[in-house]
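Quick notes on the structure that follows.
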Amino acid sequence: MQNKQVRVIQPKQALDSNGLIPKPLKKRVCAYVRVSTDNEEQKSSYIAQTDEYTDRIQKNPEWTFCGIYADEGISGTSTKHRKQFNDMIDAAKRGEIDLIITKSISRFARNTVDCLNYIREMRLINVEVYFEKENIYSSDPKVDFLLTIMSSIAQEEARNVSENVKWNVQKRFNNGVPIVNHNRFLGYTKEKRGGNLVVDPEEAEVVRTVFRMYVNGIGPAKIAKHMESIGAKTGAGATKWSMSTVAVILKNEKYVGDLIQQKTVTVDYLSHKRIVNKNTAPKYHTEESHEPIIDKETFLLAQQIRKDRGRVKIGQDQNVAKYNVTYPFSGFIVCSECGRTLKRRYWNYGTPAQRIMQQCGGYIDGKAHCTAKATYQEMLEGATIQMITDVFLEDRNIIPTIQKIIQSTIKITDVEVRIDELRTENDNIEQLMSNLIDIQVKNPNLSEKDFNQKYQTYTNQLKTNQVEISKLEAHYIANYDTRSRLAKIEATLNQLNDSITEVDGDILRSFIFKMISVKPDEVVFCIAGNKNYSDKEFSERRHEFESKNPLATGTYKSEKYDKIMNYRVVII
């Protein structure tokens, strides 16, 4: 056993058909080029690299040119959106490439994980990557350590660039400079110099129409349908409108001349993942940043309506209306017994005895939920026409009477002044916080304890002021809403003759906030006072409302059915 002999068997070289050693095959070579931005200087570099690599590969007799893969104006921090890069990797996997040449590791990838993963993946299929600047081939496993270090450095450079860009953007935010994609922003364009937002008159009228319809009680679905019918275009230039398109317009503070920036933040500079900024980073609110399209009162009213409608979740609360105004009474009449809304029903459909009824949704679900009897729709229509005629059309002094009853206890001008004072105070506090941070960073004389105490004091005051602002804005909206409703009643009266012959949903909602069906022959019409009620709150307080002292009472008699409907009008 001690005389073991080892014989080395060398690999046999394959011979061609003539018994000769074949010439080595040419390497199939491509190059990968990338520049991060699309400015003129980078474009020149991009073109130069492409031309230089094409010429070099084609002149090498041992190489076969397999093309140039080039991504222009795309960040290298992730390979996810680099189409040409991914096409190149796919071609390599199909066996079409032997060698990839690229300028440097940072051009190939600034993400360490991506870089090493792709290099190892290429190594498994015998594809080399040559990094020209570093003069490194990826085929040698020993270079993994070096690649890790160099890729990490490139990744840190990407992080520094990201931080610098972020700082620059935040500085612009802090100076109130608008960073807005005006090409998809309905109502505004941008100045060629300065970048300020400028009103586009034609588009602005579309925005005003959206707000006007919404505050007049028309929902996003119907607004979208109307916009399509008149051929209006969205911010993206499309003629197809959706509810979400309308919603985005309604909640955009830029239409009142304000500018809130950094609503979203990038949480990872590698994946570029963005999230909604919910106390993750500061927001920058610039008031009177540009010319408004919508007045502040209308905008605040629209936000209050959105908030009220936001409480409505189909299937979660059966007591609330679904803002469906397909029919005049849809979602408008509340059952006194159970608080559910009445629904339109056909009795004896298709027969001579066919009737349209308004029946409680609770009763429809089963008598265990509600025992209220159905009401003839024609009786409700007749009582409504009679009420509008008697109360509003025949007594044109009704508006001052209503105003006296619901006269506000707070002046709108006082509220506006106080809100402005609090906002100014908040601006000053935010500046003090910024100064405190700068002092601590540049010259840390304060102890950590003293710094935290001062910072917390400022933060608490900001929160206290914001709570008061929210309350004052609620008062402001309520008072404006009252004046707006009364103005709407007056405008509707001026458009009507001395009588009406049918119930129109828009006219009905101009005068009345809700109706309560007490019995099949008794209904209460509720005029909204100085408070906005959600559907749920109205339903819960229905008995309180129907027992209020009436502003007016009356009776409607139907000759057709020989029935009487009594009504009362109350202010809630």
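A few notes on this one:
- Among the residues of region 248-257, those that are more than 16 Å from Leu301 (Cβ to Cβ) and not basic (Lys, Arg) comprise Val248, Gly257.
- Put simply, of Ser104, Ser151, Ser75, Ser138 the only residue that is over 30 Å from Met433 (Cα atoms), modelled with pLDDT under 60 and over 37 Å from the mean Cα position of the chain (by Cα) is Ser151.
- Residue that is surrounded by the fewest Cβ atoms within 10 Å (Cβ to Cβ), among those in region 385-408 that are at pLDDT below 80 and in a helix (DSSP H, G or I): Lys404
Condition check ((1) modelled with pLDDT of 90 or more; (2) closer than 24 Å to Glu537 by Cβ) across all residues:
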position	(1), (2)
Tyr323	no, yes
Gly339	yes, yes
Pro352	no, no
Met379	yes, no
Ala383	yes, no
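- Positions within region 515-569 being out of contact with any Ser or Thr (no Cβ under 8 Å at 6 or more places or on another chain), outside any loop (DSSP other than H, G, I, E, B) and either surrounded by fewer than 19 Cβ atoms within 10 Å (Cβ to Cβ) or not assigned by TED's automatic domain parsing to the domain that holds Gly505 (or both), in sequence order: Glu522, Lys536, Glu537, Glu540, Glu544, Ala552, Thr553, Gly554, Thr555, Lys557, Ser558, Lys563
- Identity of the residue in region 78-93, surrounded by 18 or more Cβ atoms within 10 Å (Cβ to Cβ) and not β-branched (Val, Ile, Thr), that ends up modelled with the lowest pLDDT: Ser78
The values are calculated or read from the model by the stated rules, or taken from the named source; none is laboratory data. Remember, predicted model here, so these are calculated numbers, not experimental data. A quick note on method: Cβ atoms are made from the backbone with ideal geometry, for glycine too, and the neighbour counts reach across all protein chains shown.
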